[in-house]
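**Q** Next up is a structure, given as structure tokens.
Computed from the coordinates by the stated procedures, all read-outs in this text should not be read as laboratory data. These figures come from a predicted structure and were not determined experimentally. Reconstructed Cβ throughout: ideal geometry from the backbone, glycine too, with neighbour counts over all protein chains shown.
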Amino acid sequence: MDFKQIQELIKTINKSNIGELCIEEKDFKICIKQKEDPAPVYTQAAPAITPVAISAAPVAAALPVASTPASVEDNSDKYITIKSPMIGTFYRKSAPEKPNLVDEGADVTVGKVVCVIEAMKLFNEIESEVSGKIVKVLVDDASPVEYDQPLFLVEP
């Protein structure tokens, strides 16, 4: 069985009500199972939030487009940084038609979801571990993020 035949078989099974199909030939065996619930899987990861003094250079190096305003640079030692706990795609909304989870100036409490990071088709809700006010959103919506990359500045 070649790759095209396998693709066509998968398409056919997806369109049908067949739950599972196994084909076994001389030295070849394939089993295709349909998911019972095609709904997306949402998991929740513990956010990495640590107090860090932010300087303009690391922020500019990580995000060359976004610059930190002078008022934030002057008082950067009093802010807490919410960092990405994983590699993935950063989203400010839980769904395309929904409003942003948080905006600059919004108050956050411990446990409030501040963003979603998609990694390997899983949407991970990132929660705040501090209470305070979002001073700056450091990443654009639908942008790739790295592990430990600063996402938000929070004034406790």
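**Q** Give the order of 78, 121 when sorted by the count of other beta carbons within 10 angstrom, beginning with the fewest.
**A** By the 10 Å Cβ count, ascending, the order reads 121, 78.
**Q** Lys and Arg at +1, Asp and Glu at -1: add these up for the other residues within a Cβ distance under 14 Å of residue 95 and post the number. Before the final figure, lay out the partial values.
**A** Working: positive: 92, 93, 98; negative: 97, 118, 125, 141.
Value of the local net charge: -1.
**Q** If R0 is 30 Å, what FRET efficiency do you get for residue 140 and residue 78 from their C-beta distance, rounded to 0.05?
**A** 0.75
**Q** Follow-up question, since we're still on this one. Place a point 7 Å from Cα of residue 33 in the direction of its Cβ. Which residues in the range 109-130 have their backbone N less than 18 Å from it?
**A** The answer is none.
**Q** What distance in nm separates the two pseudo spin-label positions at residue 93 and residue 3, each 7 Å out from Cα along the beta-carbon direction?
**A** Taking the simple label geometry, residue 93 and residue 3 are separated by 3.6 nm.
**Q** Given a Förster distance of 41 Å, report the FRET efficiency between residue 17 and residue 100 from their Cβ-Cβ distance, rounded to the nearest 0.05.
**A** Plugging the Cβ-Cβ distance into 1/(1 + (r/R0)^6) gives 0.55.
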